[in-house]
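In what follows, a single structure is set out as structure tokens and then discussed.
What follows draws every value from the coordinates through simple rules; no lab data is involved. Predicted, not measured: the structure shown is a model, and the values here were computed from it. Counting neighbours? That spans all protein chains shown, and the Cβs are built from the backbone with ideal geometry, glycine included.
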Amino acid sequence: MWIFGWKGASGFSARSTAEEVTDGIDATGLTAIVTGASNGIGVETARVLAMHGAHVFMAVRNVDAGKSVKEAILKEIPTAKLDVMHLDLSSLASVKRFASEYVSSGLPLNLLINNAGMMCPYMLSTDNIEMQFATNHVGHFLLTHLLLERMKSTALESNQEGRIVNLSSEGHRFVYKEGIRFDKINNEAEYNKFLAYGQSKLANILHANELAKRLTGAATTCFAALHPQMKGVTGEYLCDSNLYKPSPQGKDDELAKKLWDFSLDLVHPFC
């Protein structure tokens, strides 16, 4: 982690803002989906992408909150292109519905920012999956899977590299000893909300790593989405707008492949 304002190889540090790391970048003509864009990092990501000219689709569970954020951004940036769409990542049916609506609209898709996340006590999603794992990983896994062809076709049509950004955290280092508890995802007796959160954030990194093998082609999120330094960079973990080494489990190729297959089994009925 880049602390005390120390700058990394990118020229940025933990103190760098989203506006600073994207200064001078023109995102006009790009279309982005940002999940969880009604609060936290998602709001700032949507605002900065729109500020630079991108057309941003705010995928949110609470549509009213999303509309309030949209109105606030428009007051600051009257030219911002923003649309609010309902998406509940804890429900695979909702993810399927969102992706179907987006694809059928014929809209291009250059950037997919898988930002939404949560930490909560033990509970199960509507699909009977532990809620943090369901929301932070499985929902995003399915969303990415369903939008991938739209992103590929956009890249071919525009001759411009698309980008998928999975928002993880340093929390991925604090997990159950197995890393991903494939056979105990729903084990309430051994549940620890902090370790379960770390498990879901480790899953975000492993998903990105495995996705990178299968494809050609707030500040850190915007840096990853827009900055020219990230052109051609794939399957890497960033911290404070710099390339950074994840935990050993975060670079475990066998674990990434196992997670991919496990996740496919979970979402298979909705693919």
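Taking other C-beta atoms within 10 Å as the exposure proxy, Leu49, Leu264 rank Leu264, Leu49 from fewest upward. Toward the positive end of the charge dipole of the range 18-270, with +1 on the Cβ of Lys and Arg and -1 on the Cβ of Asp and Glu, the farthest Cα among Val43, Ala80, Ala196 is that of Ala196.
Distance cut-off 19 Å, Cα to Cα: go down the list Lys177/Lys258; Lys67/Lys96; Lys201/Lys251; Lys70/Lys201; Lys184/Lys213 and report the pairs above it.
Numbers: Lys177/Lys258 16 Å; Lys67/Lys96 22 Å; Lys201/Lys251 13 Å; Lys70/Lys201 27 Å; Lys184/Lys213 27 Å.
Distance filter (> 19 Å) returns Lys67/Lys96; Lys70/Lys201; Lys184/Lys213.
Shown here: the range 18-270, whose C-alpha atoms stretch 51, 36, 30 Å along the first, second and third principal axes, sorted largest to smallest. Taking amide H as placed 1.01 Å from N in the peptide plane, Gly179 has no amide H partner under 5 Å among residues 5 or more places away or on another chain. For the range 39-110, the alpha carbon convex hull comes to 90 Å³ per residue, rounded to a whole number.
Counting other Cβ atoms within 10 Å of each Cβ, which chymotrypsin sites (Phe, Trp or Tyr not before Pro) in the range 67-162 have at most 16 and sit in a DSSP loop? Passing sites in the range 67-162 are Tyr122. Close amide H partners of Val84, meaning residues 5 or more places away or on another chain with modelled amide H under 5 Å apart, are Met58. Think of each Lys and Arg Cβ as +1 and each Asp and Glu Cβ as -1; about the Cα centre, that makes the dipole of the range 18-270 roughly 140 debye.
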